[in-house]
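Everything below concerns the one structure shown next.
The values are calculated or read from the model by the stated rules, or taken from the named source; none is laboratory data. Predicted, not measured: the structure shown is a model, and the values here were computed from it. Using ideal geometry, Cβ is built from the backbone for each residue, glycine included, and neighbour counts are taken over all protein chains shown. Areas reflect the complete protein model, heavy atoms only, side chains present, ligands, DNA and RNA absent. Shrake-Rupley method; radii C 1.70, N 1.55, O 1.52, S 1.80 Å.
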Amino acid sequence: MTPRRRIQVWDVVVRLLHWALAVLVAVDLLRDDGDRAHRLVGYAAVVVVLLRLGWAAVVRSHGSLAGLRPSVSQSWVYLRLVMRGQPPRSLGHNPLGLWMVWLLWILVLLLGVTGWMSRLDAFWGDDRVHDAHALLADMMLIAVILHLAGVAMMSWLWRENLPASMITGYKRPLR
Ligand code: HEM
Ligand code: HEM
């Protein structure tokens, strides 16, 4: 019997940073009183995103900046194929999933900035920054739900366990 071939797609740094980010964001969404722990966890999430972007700049794999460049035209083509229920498998992020990846990262960075600003004397008594932080947190929750739905849908369409690939780092080859 020939052993099933597997290809390493996500290196250990990408995987560790993904699960660290998932835990930190989940903790801050649940523990949302803005206390010291909330603030430290939030800043840690920002650091994780910056580390991930730094890693993308130096690594040469599916997690590199080249693999993170979104394309509007490719996304339209891919969306049409998803609607027909036949999107081709991709080893790295698929063109549509890539938009969600950037949205999640940008939301974490904006939450960090608005969280920091909300504590500045300059905004004392001004609810706007706090309201923006709360709105971004709501958007984050929705984005995370859509991310999980996207992962579940693509796992089903591709008959491939994507969460497992984010744990082991491996996917099966394209053909
Ligand atoms: C708050 C929770 C979460 C956040 C903020 C989050 C965020 C992200 C981000 C930013 C990426 C891109 C990874 C990279 O290129 O470095 C990603 C990918 C991924 N995430 Fe999550 N994630 C969360 C929870 C989860 C959970 C619970 C699962 C599994 C059930 C999961 C499964 C995946 C998978 C499979 C990918 C790769 C998708 C692909 O193959 O293109 N995520 N996630
Ligand atoms: C992943 C990052 C973060 C998430 C998901 C997050 C989420 C939240 C949520 C859901 C709330 C409750 C908003 C409401 O009133 O409805 C909140 C409040 C707050 N957050 Fe964050 N946050 C993050 C990062 C930060 C950071 C880095 C700081 C840094 C100072 C911060 C400071 C605060 C403060 C001061 C409040 C106000 C608490 C109050 O109502 O008095 N957050 N955050």
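Counting the residues of the stretch 120-165 that are free of Cβ contacts under 8 Å to residues at least 40 places away in the same chain, of a type in the set (Val, Ile, Thr) and near ligand 2 (Cβ under 10 Å from one of its atoms) gives 1. For the stretch 77-116, the set of residues classified as within 16 Å of ligand 2 (Cβ to nearest atom) and of a type in the set (Ser, Thr, Tyr) consists of THR114 only. Applying a threshold of 6 Å to beta carbon distances and a minimum spacing of six or more residues, or different chains, the list of pairs starting in the stretch 23-48 at a residue that is open to solvent by 60 Å² or more (accessible area, probe 1.4 Å) and ending at one that is within 8 Å of ligand 2 (Cβ to nearest atom) reads ARG31/HIS38. The residues listed here are ALA37, ALA20, ALA56; of these, the one that is within 30 Å of ARG175 (Cα to Cα), among the small types (Gly, Ala, Ser) and at pLDDT 95 or above is ALA56.
Could you check, for the stretch 129-144, whether at least one of its residues is outside any helix (DSSP H, G or I) and of a type outside the set (Gly, Ala, Ser)? Quick ask: steps written out before the conclusion?
Our first condition is that a residue be outside any helix (DSSP H, G or I); within the stretch 129-144, this holds for none.
Checked the stretch 129-144: no residue is outside any helix (DSSP H, G or I) and of a type outside the set (Gly, Ala, Ser).
Just for helices (runs of 4 or more DSSP H) wholly inside the stretch 6-121: which have at least 2 residues that are of a type in the set (Ser, Thr, Tyr)?
Working: elements: 12-30, 36-58, 72-83, 95-117.
Correct list: 72-83.
Among the residues of the stretch 1-14, how many are more than 8 Å from ligand 1 (Cβ to nearest atom) and open to solvent by less than 40 Å² (accessible area, probe 1.4 Å)? Steps first, please.
As a first pass, look at the stretch 1-14 and keep what is more than 8 Å from ligand 1 (Cβ to nearest atom): 1-8, 11-13.
Applying the additional criterion that residues be open to solvent by less than 40 Å² (accessible area, probe 1.4 Å) yields 11.
Qualifying residue count, the stretch 1-14: 1.
Answer yes if at least one residue in the stretch 107-120 is of a type in the set (Ser, Thr, Tyr) and closer than 22 Å to VAL77 by Cβ, and no otherwise. Checked against the condition, which is being of a type in the set (Ser, Thr, Tyr) and closer than 22 Å to VAL77 by Cβ, the stretch 107-120 yields no hits at all.
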